[in-house]
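Below is one structure; the comments refer to it alone.
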Amino acid sequence: MPEAKPRLPDRLLKFLVRLFPFDFRADHGREIEQTFRAQQRDTERQGKASRWRLWAEFIGGVFRTAPREHLSILRQDATYAVRRMRQSPGFTGIIVLTLALGIGGISAIFSVVKVVLLDPLPYANPDRLVLVWNEFRSQGLTRVPGAGFALQQLRDRAKSFEAIGGIWASNGTFLGEGAPEQVKVGNVTGNFLPTLGATPLLGRTILPEDEGIGKPPVIVLSYGLWQRRFGGDPAILGRPVRMDGFNPVVVGIMPPRFRMAFPPDAQVPAEIQAWLPFRDNIYAQPRALYYLRYVARLRPGVTLAQANEEASAIGAQLRKEFTEYANDQLGFNVVPMHRDTVREIRPALLALFVGVGLVLLIACVNVANLLLARAGTRHKEMALRAALGASRGRVVRQLLAESMALAAAGGVAGLLVGWSSLKQLLALAPPGLIPPGSLRLDAEILGFTAFVTLGCGLLFGLAPALDASKVNLVEALQEGGRGSASAIRDRSRTALIVGEVALGFILVIGAGLMVRTFVAVQKVDPGFRASGLLTFAMDLPGWRYPGDEKHIALVRQVEERLRALPGVESVGGISHLPLDDYSNWYSPFSPAGASADKKNTMMADHRSATPDYFATMGAQVVAGRVFDAHDEEAKRPVVVVDERAAREAWPNESAIGKKIEFEKITAQRK
């Protein structure tokens, strides 16, 4: 006959007894079961209520006693593990130092990954924020700024957007109180900050009624500027400040952690220090004047695919209705704001995280090899424990406790190493990547470090523990006996060494590729010589220097005085320094006399420069010449173009002497 299955109460009883530690069960498990069954027989005559009361009391007793017994054994294991660490300070120090470097590195990198990639943007409902890039498909450009007119069209026609605003970053100069100070300014549409869901620390943000011609000028200050220039005085609200020849009234102060979160090619610095509404009608400007960066908030329930589909349809409508947009083949691309902001830094950070993770794995393999080597000296100790009645599980648990104690010490040391090395790590980060004050030792960092520490303890402790627990009592207790355990240990160490070499190869190959990329980047020719160059920025407000003549006269005077300084070889000036974060002057151009269908089909950044700029920068002229003083004096409309613009405008021809139409100016290529 088949064996009858145990009844449910019997299975429940055995399950509850198994909640006790193994050693406790071995000593008292049978006695507990026998006692409970005897009590159960006594209660059968007293009715169901007594039986339920017995079960309740027994279950309660198990859940009170079992954790206490586990903790008692855990304390014993921990005490013995700490004693073992003290007995071998050199061995312990090597392991703790090895783990500290690995865990410290991964914790430091994770803290940066968390702030940059995992933490949400500091705005309300950031998952609904998107960037809307203009596309010029005729030139294969997919990430270009937009015009005020197109922004208004999107605002009027798009149903997917709850709101859409624009920003253009520039420089401004504070005057009046204290020394003049040049700051980064965000010129914004009236709904830009509300679209972000920005909440001011004091006062209010810029609103739609603040924007436009003839409106009273207002300004919102960053927390840093408010503290630095105005001493954190809350009475500044409602007071005018002197800035660039006008006196905007301070209406709000942004909180300390508020920042702009745009990708580098948007040229909107993270640390904008003041926000001003546009004081002219940007929606009535030329339709091909592209300089705005668009930010939109999706309506609840609208997906990114739906928003892109609608934006594409609006782009097609605008191409049909307006010649400028038909020539440019205008389109729109909607992308998540956070994902786009970190798209360039994400691969580098993840590669760094994986690389440091491999270093930590190698450290764990090294520690496992050290523990395996020490296990060879402890086989008699393990055999004696087994002879005295210790089960294999009890031995494994004790050895794992020793590994976890080493891992815990390494984790604490690693946390100290990681956070002390963050300053050096931040010094290598691009400006604006990590907001000031955002790196904090919070619960998530501590939890990640604890998780990594636990994983390391199990990773490097499990193999040596299982290996040491495989004991042949007769062979182990014989003087000098090696036996099969030694062969198993040798195989384990061989496998660990092979794994360590494989990980090392992966790490070396990855590091080699990174070094090769770095060397290639270092060899990229930017078109100028950076060595020996010093730069500074100078703001020339129109209210103080009206007209081009006064601008030119001041720039010449500054250049002459700088040339007279000892050690100065040459001096030049330009509206935008190379690779700076000032918004580009970005406009269409075309060869003079181009047919109507080819006008404004090419785009280019443009700059204003003084005659000696090219020589000062060490830029080489491929053909023709650069500006000279006679061009300035005669006010000749001349221009220097790069090779790409020359090829696009005059393919297979020399550009020298040709004319170019550029923002209603016809200039001759020199």
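Can you tell me which residues in the stretch 559-590 are at pLDDT 80 or above, surrounded by fewer than 14 Cβ atoms within 10 Å (Cβ to Cβ) and not small (Gly, Ala, Ser)?
Scanning the stretch 559-590 gives 560, 561, 563, 565, 566, 568, 569.
Limited to the stretch 5-53, what total is found for residues that are open to solvent by 70 Å² or more (accessible area, probe 1.4 Å), closer than 21 Å to residue 397 by Cβ and of a type in the set (Lys, Arg)?
Adding up the residues that qualify gives 1.
Has the stretch 127-147 got any residue that is of a type in the set (S, T, N, Q), closer than 25 Å to residue 280 by Cα and not in a helix (DSSP H, G or I)? Talk me through it step by step, then tell me what you get.
Taking the stretch 127-147 first, the residues of a type in the set (S, T, N, Q) are 134, 138-139, 142.
The next check asks that each one be closer than 25 Å to residue 280 by Cα; those that pass are 134.
Next, from what is left, pick out any that are not in a helix (DSSP H, G or I): 134.
Scanning the stretch 127-147, I find at least one residue that is of a type in the set (S, T, N, Q), closer than 25 Å to residue 280 by Cα and not in a helix (DSSP H, G or I), so the answer is yes.
Would you say residue 274 is at pLDDT 90 or above, within 30 Å of residue 227 (Cα to Cα) and of a type in the set (Gly, Ala, Ser)? First the steps, then the outcome.
On the way: at pLDDT 90 or above: yes; within 30 Å of residue 227 (Cα to Cα): yes; of a type in the set (Gly, Ala, Ser): yes.
When the stated conditions are applied, residue 274 passes them.
Would you mind telling me which numbered condition in (1) open to solvent by 10 Å² or more (accessible area, probe 1.4 Å); (2) under 30 Å from residue 255 (Cα atoms) residue 294 fails?
For residue 294, the failing item is (1).
Name the single residue, out of those in the stretch 317-356 being small (Gly, Ala, Ser) and open to solvent by less than 30 Å² (accessible area, probe 1.4 Å), that is farthest from residue 302 (Cα to Cα). Don't jump to the end; show me each part of the working.
So in the stretch 317-356, the residues small (Gly, Ala, Ser) come out as 326, 331, 348, 351, 355.
Okay, now just the ones that are also open to solvent by less than 30 Å² (accessible area, probe 1.4 Å), so 331, 355.
Working: 331: 20, 355: 38 Å.
Once the filter is applied, the top-ranked residue is 355.
Considering only residues that are under 13 Å from residue 248 (Cα atoms) and in contact (Cβ under 8 Å) with a residue 40 or more places away in the chain, which ones fall in the stretch 200-228? I'd like the intermediate steps shown before the answer.
Filtering the stretch 200-228 for residues under 13 Å from residue 248 (Cα atoms) gives 206, 210-211, 214-221.
Matches in the stretch 200-228: 206, 210, 211, 215, 217, 218, 219, 220, 221.
Quick check: anything in the stretch 225-242 in a strand (DSSP E or B) and of a type in the set (A, V, I, L, M, F, W, C)?
Within the stretch 225-242, not a single residue is in a strand (DSSP E or B) and of a type in the set (A, V, I, L, M, F, W, C).
Residues checked against (1) of a type outside the set (Lys, Arg); (2) under 16 Å from residue 173 (Cβ atoms); (3) open to solvent by 50 Å² or more (accessible area, probe 1.4 Å):
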position	(1), (2), (3)
232	yes, no, no
242	no, yes, yes
245	yes, yes, no
248	yes, yes, no
254	yes, no, no
259	no, no, no
272	yes, yes, no
278	yes, no, no
288	yes, no, no
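Filter the stretch 272-302 for residues that are more than 19 Å from residue 331 (Cβ to Cβ) and among the hydroxyl-bearing types (Ser, Thr, Tyr) and give the result.
283
Can you tell me how many residues in the stretch 111-141 are closer than 30 Å to residue 414 by Cα and touching a residue at least 60 places away in the same chain (Cβ under 8 Å)? I'd like the intermediate steps shown before the answer.
Of the stretch 111-141, the ones closer than 30 Å to residue 414 by Cα are 111-122.
Next, from what is left, pick out any that are touching a residue at least 60 places away in the same chain (Cβ under 8 Å): 111-117, 119-122.
Of the residues in the stretch 111-141, 11 are closer than 30 Å to residue 414 by Cα and touching a residue at least 60 places away in the same chain (Cβ under 8 Å).
Would you pick out the residues in the stretch 142-163 that are open to solvent by 40 Å² or more (accessible area, probe 1.4 Å), farther than 12 Å from residue 315 by Cα and in contact (Cβ under 8 Å) with a residue 12 or more places away in the chain?
Within the stretch 142-163, 142, 143, 152, 159, 162 qualify.
Being out of contact with any strand residue (DSSP E or B) (no Cβ under 7 Å at 6 or more places or on another chain), more than 17 Å from residue 361 (Cα to Cα), at pLDDT below 75 and outside any loop (DSSP other than H, G, I, E, B), is that true of even one residue in the stretch 431-445?
no
Limited to the stretch 148-179, what total is found for residues that are hydroxyl-bearing (Ser, Thr, Tyr), over 22 Å from residue 304 (Cα atoms) and either in a helix (DSSP H, G or I) or touching an Asp or Glu at 6+ places or on another chain (Cβ under 7 Å) (or both)?
Of the stretch 148-179, the ones hydroxyl-bearing (Ser, Thr, Tyr) are 160, 170, 173.
Next cut, over 22 Å from residue 304 (Cα atoms) only: 170, 173.
Those still in the list that are either in a helix (DSSP H, G or I) or touching an Asp or Glu at 6+ places or on another chain (Cβ under 7 Å) (or both) too: 173.
Going through the stretch 148-179 one residue at a time, the tally reaches 1.
Which one of these does residue 182 not meet: (1) over 30 Å from residue 321 (Cβ atoms); (2) outside any strand (DSSP E or B); (3) within 30 Å of the chain's Cα centre (by Cα)?
Unmet for residue 182, out of (1) over 30 Å from residue 321 (Cβ atoms); (2) outside any strand (DSSP E or B); (3) within 30 Å of the chain's Cα centre (by Cα): (2).
With respect to residue 15, determine if the residue is more than 21 Å from residue 455 (Cα to Cα) and aromatic (Phe, Trp, Tyr).
Considered against the rule, which asks whether it is more than 21 Å from residue 455 (Cα to Cα) and aromatic (Phe, Trp, Tyr), residue 15 comes out as yes.
Across the stretch 1-46, which residue is modelled with the lowest pLDDT among those that are in a helix (DSSP H, G or I) and among the aromatic types (Phe, Trp, Tyr)?
Taking the candidates together, the pick is 22.
Residue by residue, here is whether (1) assigned to a helix (DSSP H, G or I); (2) in contact (Cβ under 8 Å) with a residue 12 or more places away in the chain holds:
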residue: 296; (1), (2): no, yes
residue: 300; (1), (2): no, yes
residue: 309; (1), (2): yes, no
residue: 331; (1), (2): no, yes
residue: 351; (1), (2): yes, yes
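Could you grab me the full set of residues in the stretch 614-637 that are more than 29 Å from residue 143 (Cα to Cα) and outside any loop (DSSP other than H, G, I, E, B)?
The answer is 615, 616, 629, 630, 631, 632, 633, 634.
Filter the stretch 243-277 down to residues that are part of a strand (DSSP E or B) and of a type in the set (A, V, I, L, M, F, W, C), then give me how many there are.
Residues that pass the stated criteria total 9.
Considering the stretch 313-329 alone, what residues qualify as being aromatic (Phe, Trp, Tyr) and assigned to a loop (DSSP other than H, G, I, E, B)?
322, the sole residue that qualifies.
For the structure I just gave you, tell me whether residue 72 is within 20 Å of residue 395 (Cβ to Cβ) and either open to solvent by 70 Å² or more (accessible area, probe 1.4 Å) or out of contact with any strand residue (DSSP E or B) (no Cβ under 6 Å at 6 or more places or on another chain) (or both). Walk me through how you get there before you give the answer.
On the way: within 20 Å of residue 395 (Cβ to Cβ): yes; either open to solvent by 70 Å² or more (accessible area, probe 1.4 Å) or out of contact with any strand residue (DSSP E or B) (no Cβ under 6 Å at 6 or more places or on another chain) (or both): yes.
For residue 72, the condition - within 20 Å of residue 395 (Cβ to Cβ) and either open to solvent by 70 Å² or more (accessible area, probe 1.4 Å) or out of contact with any strand residue (DSSP E or B) (no Cβ under 6 Å at 6 or more places or on another chain) (or both) - is met.
Only one of these conditions is not met by residue 67: (1) open to solvent by less than 50 Å² (accessible area, probe 1.4 Å); (2) within 30 Å of residue 409 (Cβ to Cβ); (3) not aromatic (Phe, Trp, Tyr). Which number is it?
All conditions pass for residue 67, except number (1).
The values are calculated or read from the model by the stated rules, or taken from the named source; none is laboratory data. Please read these numbers as outputs of a predicted model, since none were measured by experiment. When we count neighbours, we look across all protein chains shown, and the Cβ atoms used for this are built from the backbone with ideal geometry, even at glycine. For accessibility, only protein heavy atoms count, side chains too; no ligands or nucleic acids. Shrake-Rupley method; radii C 1.70, N 1.55, O 1.52, S 1.80 Å.
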